[in-house]
Amino acid sequence: MNIYILGSLTEVEFSFSDQTGSYGSCSTVINGKSIIFGGFRSSFQNQISLVENCRLTRIGTLPFPFHYGACNTFQNSDRISEALLCFGLDDTSNCHRFLKCLKYYFPNWVFSFDGTSVISTVSSNYGHYQTSLGSIQNVPIALGAGYPSFNKHVESLRGGSWRNLGDFPFVKDYIYKYSFVTFHGDLYLFGKI
């Protein structure tokens, strides 16, 4: 594989262990570790995989398929990082969070998935399938949706419930298949406007 690094074309070898992939998945960084959740193919639709040393290694299994979902990392009220996984194909308005530790791989984590510790959290007011999960000052932000609801609704998760913030004003009917990035406290949207 060739990629550009600081303007120079560089050849990089990247490998995938069994039952891993990135198509239709989501990724987040937790305590400096890049983690991929779910995906579209049946062999990795419920994966929890670690990206490290130019390799994707499966380290766990979600108790549900997670196709084209959105994920991000947030700190809970105890200042502990938690991964929030939301809006997969099988439940376009539901979210899950992970609490326990995969001690072998991440001895300092207070949450993740050990095969039993997935917790469903409150569902959003609208479906947000094929979107991204943003963060503004540690507050989860959901925007728009693809199939089947096609919308441009904006919501935030505060105080244990999703709150409607109105419609995104920069598109006519709907927005989906974009990416959010938080940089220096600001939320940026890439694509599909």
Considering residues that are in a loop (DSSP other than H, G, I, E, B) and open to solvent by 30 Å² or more (accessible area, probe 1.4 Å), the number found within region 162-171 is 3
Per the filter on region 1-21, residues touching a residue at least 12 places away in the same chain (Cβ under 8 Å) and touching a Leu at 6+ places or on another chain (Cβ under 7 Å) are F16, S17, T20
The number of residues in region 141-161 that are open to solvent by 10 Å² or more (accessible area, probe 1.4 Å), within 14 Å of F74 (Cβ to Cβ) and touching a residue at least 12 places away in the same chain (Cβ under 8 Å) is 4
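Just to verify a result, which residue in region 172-193, among those that are among the hydrophobic types (A, V, I, L, M, F, W, C) and free of Cβ contacts under 8 Å to residues at least 24 places away in the same chain, is least open to solvent (accessible area, probe 1.4 Å)?
It comes out as V181.
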| task | Taking S120 as the residue in question, decide whether it is under 17 Å from H96 (Cα atoms) and touching a His at 6+ places or on another chain (Cβ under 9 Å). | result | yes
When every residue in region 38-79 that is under 18 Å from S135 (Cα atoms) and in a strand (DSSP E or B) is compared, the one modelled with the lowest pLDDT is Q75
Legend entry - Test: residue in region 8-25 that is assigned to a strand (DSSP E or B), within 24 Å of G134 (Cα to Cα) and open to solvent by less than 40 Å² (accessible area, probe 1.4 Å): no
The residue that is surrounded by the fewest Cβ atoms within 10 Å (Cβ to Cβ), considering only those in region 80-122 that are at pLDDT below 60 and β-branched (V, I, T), is T116
request  = Evaluate region 62-75: report whether one residue or more is open to solvent by 40 Å² or more (accessible area, probe 1.4 Å) and β-branched (V, I, T).
outcome  = no
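The values are calculated or read from the model by the stated rules, or taken from the named source; none is laboratory data. Remember, predicted model here, so these are calculated numbers, not experimental data. Please note: Cβ atoms are built from the backbone with ideal geometry, for glycine as well, and neighbour counts cover all protein chains shown. Ligands, DNA and RNA are excluded from the accessible area calculation, which covers all protein heavy atoms including side chains. Shrake-Rupley method; radii C 1.70, N 1.55, O 1.52, S 1.80 Å.
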